[in-house]
Amino acid sequence: MAEGDDVYLYVYDLSGGMASRLSPVLIGKQVEGIWHTGVVTFGKEYYFGSGGINVIVPGTLLHEPVKKILLGKTFIPEQVFDEYLNGLAESEFRGDHYDLLKHNCNNFSDNLSRFLVGNGIPEYILKLPEEILSTPFGQRFQGLIEQISQNSPNLQPIQRRAASPEFYQLNSDIEAASESKTSEDRRMSAEDGQPEGVAVEQLEQDANTRLSAFDEEERKEREERRRNREPPIVFKDAVDVHIAFDTLVGLIDGKLNEEEQLSLEELHKYMLEDEGSWALGESFLVFIGRLLMDKELHEDVTVQTLHVLAAAALKDDVILMLHQDRKHHVLMNYAFDVDRHPVPHQRALTLFICNLFENIASSEWLMYISEWTYNNQQLSNIRVTTKVAVNAILSDDVEMQDRGSAIIHNLATKEVKTVVFDDVAVELTMAVLQFLSADGRGEPLVFRCLKSLAQFCTASGPDVPQLIQMIGPHPSKFKGQSQRIDELVQQISNRLR
């Protein structure tokens, strides 16, 4: 204890980077993040939320903290600290005392820091609520921020999924079996002379049987959801793959090395000979990367490559090709730079991304949230997909607007985890509202946009309805275009009341 224990401040961004991107538009100034903090010491992380004071394994609350700040060393015994925490939990930092803007996790972290090391946490974290509310628009935005934070899992006690009493009994059985099996003093049963381990193994077997039954039930539910899912909007007839492939071959004839020529033959087998994606070798996406980004090749090489990929996206085993991209992220790094590419390339790229919604596995790949670094930026598949969609729908190009609205529709209507909507719903909503603000939008695109807004309204609580009210246009502007649009207008309007 003479050396003391390190005390760290773990800093998380509740917005997942969204605040930095959208704050200049939403509140008129740059806000780098919506900060949540926890204090880490004695091997544990302590934080405060609407459920009171919580203790977890460090760094397991949400994602990796964006910062780990060493506050200093403490020489206070852990037992004394625990007693101090118990006092706070019953007084100043009870769950019902939580207030997002005046008495939050950061105030709690500041209190602990002063108790443990004698100094507070950085002021820019404590002053964030004041920064937001110092702008006129921020006053109107307060309710939305509060709702985001209250719905965020990082401000709630850690809870397991809701389950039936049988599920809890199953867990108890497994734990009992595990404890009995690892006990150092296994006894012989006095009644039948059988090792207790035999009974333990039977208990584990029974528990595993019931667990398998739960897994089978969940599998059936997943299959049912797939059958009942909203049909995605894709463009199956946009490309004649034979023409695209032949054009591509003519453009790159004589410009490939031996390994690239082999990859071209693999692509032919996959697309034109209808062999499975197993035909694509390990270096296939390296070859695709060159076709997409080698500026010494004819500019139409990229377009034809993307057209072939757009046709491949409709195949049910395309996910195996996509999984090859986990290491180098060739496809998504190229897609992230969508706004830097020529318009013909943007059109073809948007078609490829949209067609990936045809199959469940590839559509889920588009929404992966695991991150990698590209050009000093943290990217994920869902962030790139969102950028492609926003770029397309806000383009002046009619074809891209068509495909961009389809991607947003597919994102909105797909059954996904809440975190996806939390991260991108506001950004997509703002893009849709900006698109709808112009006159003369056709019925199919208006329908997709309103369908997306209706879905975002349902998935994101009051966040999206507040944005629609604040930014507009009001959905009633589109009433009378068609019966299906009138139904969506009514559905969204009900959310605005």
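According to a simple spin-label model (label point 7 Å from Cα along Cα-to-Cβ), what is the distance in nm between Asp337 and His242?
Simple spin-label model gives 3.5 nm for this pair.
Cβ neighbours within 10 Å, averaged per peptide: list 252-258, 110-116 in order, most packed at the top.
Ranked from most to least packed, the peptides come out as 110-116, 252-258.
Relative contact order (percent) for the range 338-430, with alpha-carbon contacts under 8 angstrom and 6 or more residues of separation?
Taking the mean separation of contacting Cα pairs over the length of the range 338-430, I get 25 percent.
Before anything else, pin down the relative contact order of the range 371-478: Cα pairs under 8 Å, at least 6 apart, normalised by residue count, whole percent.
RCO, the range 371-478: 25 percent.
Can you give the accessible area of Tyr374, probe radius 1.4 Å, in Å² rounded to 10?
Its accessible surface works out to 50 Å², give or take rounding.
What are the residues whose amide H is under 5 Å from the amide H of Gly49, where those residues sit 5 or more places off or on another chain and H is modelled from the backbone?
Residues meeting the criterion, in which the H sits 1.01 Å from N, are Asn54.
State the answer as a single residue: which of Asn381, Asn410, Tyr368 lies farthest towards the positive end of the charge dipole of the range 338-497, with beta carbon charges of +1 for Lys and Arg and -1 for Asp and Glu, about the Cα centre.
Asn410
So for the pair Ser493, Asn376, with labels modelled 7 Å out along Cα→Cβ, what separation do we get in nm?
Computed distance between label sites Ser493 and Asn376 equals 5.0 nm.
Between Gln481 and Ser91, how high is the FRET efficiency from 1/(1 + (r/R0)^6) when r is the Cβ-Cβ distance and R₀ = 56 Å? Nearest 0.05.
So the FRET efficiency works out to roughly 0.45.
Please report, in debye to the nearest 20, how large the charge dipole of the range 314-369 is about its Cα centre when each Lys and Arg carries +1 at its beta carbon and each Asp and Glu carries -1 there.
Rounded to the nearest 20 debye, it is 180 debye.
Take the solvent-accessible surface of the protein heavy atoms, probe 1.4 Å, and return the percent of it on the range 227-333 that carbon and sulfur atoms account for.
C and S atoms contribute 49 percent here.
The values are calculated or read from the model by the stated rules, or taken from the named source; none is laboratory data. Note that the structure is a prediction, hence the values are computed from the model and not measured. As a convention, Cβ positions derive from the backbone with ideal geometry for all residues, glycine included, and neighbour counts pool all protein chains shown. Surface accessibility is based on the protein's heavy atoms, side chains included, excluding ligands, DNA and RNA. Shrake-Rupley method; radii C 1.70, N 1.55, O 1.52, S 1.80 Å.
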